[in-house]
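None of the figures in this text is laboratory data; all of them are computed from the coordinates on show. Keep in mind that what you see is a predicted model, and the values were worked out from it rather than measured. Cβ sites come from the backbone with ideal geometry, for glycine too, and all protein chains shown count toward neighbours.
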Amino acid sequence: MDKMDYFLEIYGALPRAGPGSNECTKRAFGLMKDIPESPRILDIGCGPGVQTVELLKLSGGKVLALDFLPLMIERTKSNAEIAKVSKRLEVLQQDMNQMAFPPNSFDVIWSEGAIYNLGFENGLRKIKNFVKPGGYVAVSEAVWLKPNPPDSLVDFWKQYPEIDNVDNKLAVIDSLDYQQVEHFVLPDDTWIAEYYAPMEDLIARKEKEWSAIPEAMEVLKEAVNEIEFFRKYSSYYGYVFFVMRYPDA
């Protein structure tokens, strides 16, 4: 096993692939007015598909869930089957950089905590080609919540080079000619309940098992470090849900 395998044994086993909650998914979806009765939705970077299932329940439409990891595709399919919504689920194992859908393919495009893989501006520009005029885009993105973060925190977030403040993210949305609908900060508990709390449980179970494996212990150290930064500095950063509309032609 290499480091990525150990990484997936931790991060790939969590209920969610990042901060979020069904309540936040519902809130963001509820901001979308006048969508079709059975919309076609693209969920980019679906992870284990928790929000995918919620979108299937909320919309009554079809959801195409895209992720490049086979593990996440399988978990999404399993979660949809358990929820009895799998008949309206499509899956696509693909790197999001390779997306090439026909123009105007989707009524809604969704991405919780994953658009950064394309880059915020580049990602929003790319998916404009796929959303129908009058359709909606909803993404959650890491942001600075207040100025002057400590140097150690800035260094930690260098792994995520496009982190910025909310106003600058909104300026990007405006520059791409989307119509702002609303944005909101994800509550702190969305980082804990289905993400950091189960992560800590996994770390505790794996520490003895992996104690003699340097690559594995490096993964655990990085996970512990991530949690500690959140505990110390969560007032400085968070995820914000941005909901926008692609205007009619």
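Per residue, how big is the convex hull of the range 70-148 when only Cα atoms are used? Give it in Å³.
Details: hull volume 11.3 nm³, N = 79.
Each residue corresponds to 143 Å³ of Cα convex hull volume.
Taking the Cβ of P70 as the center, what net charge do the other residues with Cβ under 15 Å away carry, scoring Lys and Arg +1 and Asp and Glu -1?
-3
What's the long-distance tail for the range 157-223, i.e. % of Cα pairs beyond 13 Å?
The calculated P(r) of the range 157-223 puts 76 percent of pairs beyond 13 Å.
Rounded to the nearest whole Å³, what is the per residue volume of the convex hull around the Cα atoms of the range 191-249? Write out the running numbers ahead of the final one.
Details: hull volume 8.0 nm³, N = 59.
So the per-residue hull volume is 136 Å³.
Taking only Cα atoms, what is the 0 to 90° angle, nearest 10, from helix 166-175's long axis to the longest principal axis of the chain?
Once rounded, one gets 40 degrees.
Hey, can you rank 79-90, 150-161 by average C-beta count inside 10 Å, highest first?
Going from most to least packed, we get 79-90, 150-161.
Please give me the summed charge of the neighbours of G47: other residues whose Cβ is under 13 Å from its Cβ, Lys and Arg +1, Asp and Glu -1.
Around G47, the charge tally is -3.
Provide the net charge surrounding I109, with neighbours chosen by a C-beta distance below 12 Å and charges set as Lys +1, Arg +1, Asp -1, Glu -1.
Neighbour charge sum, excluding I109 itself: +2.
For D177 and D201, compute 0.36 nm times the residue count separating them, minus their Cα-Cα distance, and round to one decimal in nm.
Going from the current span to full extension adds 4.2 nm.
Using +1 at the C-beta of Lys and Arg and -1 at the C-beta of Asp and Glu, which of V85, I44, Y116 has the Cα lying farthest in the positive direction of the dipole of the chain?
V85
Would you kindly derive the ³J(HN,Hα) couplings of the range 217-231 from the backbone phi angles with the Karplus curve 6.51 cos²θ - 1.76 cosθ + 1.60 (θ = phi - 60°), listing them in order in whole Hz, with x for Gly and Pro?
With coefficients 6.51, -1.76 and 1.60, one gets 5, 5, 4, 5, 4, 5, 5, 4, 4, 4, 5, 5, 4, 5, 4 Hz.
Mind jotting down the distance between the C-alpha centroids of the range 1-62 and the range 77-154, whole Å?
Between the Cα centre of the range 77-154 and that of the range 1-62, the gap is 9 Å.
At most 16 other Cβ atoms within 10 Å and a DSSP loop assignment: could you name the trypsin sites (Lys or Arg not before Pro) in the range 18-71 that fit?
Answer by residue number: K33.
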